[in-house]
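First up is the structure itself, then whatever we jot down about it.
The values are calculated or read from the model by the stated rules, or taken from the named source; none is laboratory data. Keep in mind that this is a model prediction, so the values were computed, not measured. Positions of Cβ are backbone-derived with ideal geometry, glycine not excepted, and every protein chain shown enters the neighbour counts. We work out accessible area using only protein heavy atoms, side chains counted, and drop any ligands, DNA or RNA first. Shrake-Rupley method; radii C 1.70, N 1.55, O 1.52, S 1.80 Å.
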Amino acid sequence: MFPPRLGLAQTVCPTRAQLVIRCYLLSYWAGVAAYQPFLPVYLRAAGVGTIRIGAILSVSRLALVLSKPTLAAMADAFGCHRPVLFCSIVFSALFRCVLYLMAPNFAALLTVAVISEVVGGPAQDIADSSIMAMVQAQGRPASEYGQERLWGAIGYGWISAPLSGTLISVFGFKVAFINHLVLEMCAGFVSLNFTFESLAKDEHSMVEIAGTLCRRLGQPHIAVCLLLFYVFGASMGVVDGYLLVFLSDMGASSILSGWALSVTCVVEVAVFMVATQLMTYLKMSNCLHTILVCYILRLTWYSLLPQMPSLWWVLPIQSLHGFTFGLMWATLTTFARGVAPEGMSTTVLSVFSSVFGGAGVVSGQVFGGVTYQKYGGVFLFRLTATILFVSNVGLLLLPKRYREQMNRDLAGMCVGNSDKGVENDPMHHTGGEAQSSTLYSSDLQRITKLSMDEC
C-alpha cells in the first residue's frame, strides 16, 4: 500500500524531482505544439498535395512503429535510458528543422521525415516511464502521473499553440521550426536530471523476459485494449492530420488554427488533474466507452461545420480533446505499467504507444488522405465517426470476464496494489503472493533510492 498522497503544500512547493518533471514537460510539449500541428498546413502551403502529405506523415509514422519498441527494449536491456532519451530529443529536432531548409521535393521530404521520426521515436516512452517511476518514488500511485503530465498540456495548448499560430500568421512558418528546435533542446538538457528503472538481468534471462512479455500481451483482454488503442490512434490521425487542413480549405486563419489547438488543452489539463479519480470511478471498460463517445461527438460536429454560421464554432467541441487524449493517454500509460513485467515498463509502454501513435495514426493518416482527396472532409469525419460507433458496440458485447480483467489491471495502478493486477505471471508470482509483495516492495525501494541518489 502506498503512503498518503502529496498534500497541497507539496503541490504549491514542488520537490526538485517535480520541478525537473514539470520543466521537461512544459518545454517538450511546447516544442511539439510549435511544429507538429502546423506541419500538414506548411506542406500544403509549399505545394505538396493532400495524398502526398498523407504519405509523408504515414510512412514516417510506420518507421516509428518499428523503431520505438526496438530502441526502448535496448534502453531497458542495457540501462542506457539517459543517453538514448537525450539524443532522441535533440537530434530529431535538428532533422525536423532540415525540412524547412529543403525544396518541396517529395522524396527528400519523405526521407528526412522518416529519419526524424525514427530518431525521436523512443523519447516520449522513456520519459513517461521515468516520470511514473519518479512519481512512485514519492509514494504516489503510478496513475498520478496525470497530475504531472498536465504540465505538458499547459505547455502545448495554453502557451505554445496559440502563440505559434499568431507568430506564424505574422512571420511565416520559419518561426515554428526555430521555436521547435529551441524548446526541444531545453527539454533534452532537462531530461539529463531524470532517474530511470533498470532491468534486473541477473534475476531473469532475456529469453524468459521476452517469453513473459509475449504471453502477457497476448492475453485476450490486453489484446482487446491494444485493438481499441489502435482505433483511438487512427481517429487521432484523422483529426490531427486533416482538421486544420479542412479549416484552412474553408478559409480559416492561422490564428483560428492556433486557438483550436489551445482549446483542446483547457479540459485536458483538468482531466489530467483528476485522472486517478476518473479511472478509479469509471474503471477501464467505462474509460474506453467514454473516449469512444467523445470521439464520435467531435467528428460529427466537424462534419457539420460547413452548415454553421462561423468556423469559430469549432472551438467548443475541441474541449472534448480533454477526454479523447487526456483520459486516453492517462489510461494507456497507467494500464501499460500495470501489465508490464518488472523492469520492462519502458518496453511495454513503447508497444502500447506504437500501436496507438504508430500503427493507429499511420492508418488514420493514410485512410484520411485518400478519403479527403476523393470525398472531402465532411465525408471523412462522418465515416470515421461511424467506425467508432461500431467499435463502441463491440466493446459493449465483450464478455464480462474480459472487462473485469482489464478493470483489475488498471485498478492495481490506481491504488498501488503490489501485484499490479498480474495473474499467473512467473515474473511476479514465482513464490506466491508474499514473494510478489516482496518483489514490488524491493522494486519501489530501488526506485526510491535511485531518486534520492539523483536528487
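Only helical DSSP H runs with n ≥ 4 go in: add -39500 (n - 2.57) per run for the chain, normalise by residue count and round the 222 nm mean residue ellipticity to 500 deg cm²/dmol.
Numbers: 22 runs with 344 residues, N = 455.
Estimated from H runs of four or more residues: -25000 deg cm²/dmol.
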### Task
Compute the distance in nm between two label points, each set 7 Å from the Cα along the Cα-to-Cβ direction, one at ALA46 and one at LYS400.
5.6
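Rounded, prolate or oblate: which one fits segment 70-217, using the alpha carbon gyration tensor with axes a ≥ b ≥ c (rounded when a/c is under 1.5, else prolate when a/b beats b/c, else oblate)? Working shown, then result.
Numbers: a/c = 2.66, a/b = 1.56, b/c = 1.70.
Verdict is oblate for segment 70-217.
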### Area of LYS374 that stays accessible when all protein chains are in place (1.4 Å probe, Å², to 10)
150
### Query
Measuring from centroid to centroid over Cα atoms, what is the spacing of segment 230-300 and segment 305-338 in Å?
2
## Note on the structure
Cα extents of the chain along the principal axes, largest first, in whole Å, come to 64, 47, 45
### Message
Past the 28 angstrom mark, what percentage of all C-alpha to C-alpha distances in segment 157-296 do you count?
### Response
46
### Task
Determine, for the chain, the count of lysine pairs separated by eight or more sequence positions (or lying on different chains) whose alpha-carbon distance falls under 24 Å.
7
#### Entry: 25 °C / 0.890 mPa s Stokes-Einstein diffusion coefficient of segment 228-358, Kirkwood radius on C-alpha pairs, µm²/s
157
### Query
Around VAL59, with a cut-off of 12 angstrom between Cβ atoms, what is the net charge of the other residues, counting Lys and Arg +1 and Asp and Glu -1?
+1
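Taking N as the number of residues in segment 310-402, what is its Cα Rg relative to 2.2 N^0.38 Å?
Details: Rg = 16.6 Å, N = 93, 2.2 N^0.38 = 12.3 Å.
After normalising by residue count via 2.2 N^0.38 Å, the value is 1.35.
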#### Entry: Projected area averaged over orientations for segment 293-338, convex hull of C-alpha atoms, nm²
3.3
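Using only Cα atoms, figure out Rg for segment 232-308 and give it as a multiple of 2.2 N^0.38 Å. Spell out each step's value before the answer.
On the way: Rg = 14.6 Å, N = 77, 2.2 N^0.38 = 11.5 Å.
Against the empirical 2.2 N^0.38 Å value, I get 1.28 for segment 232-308.
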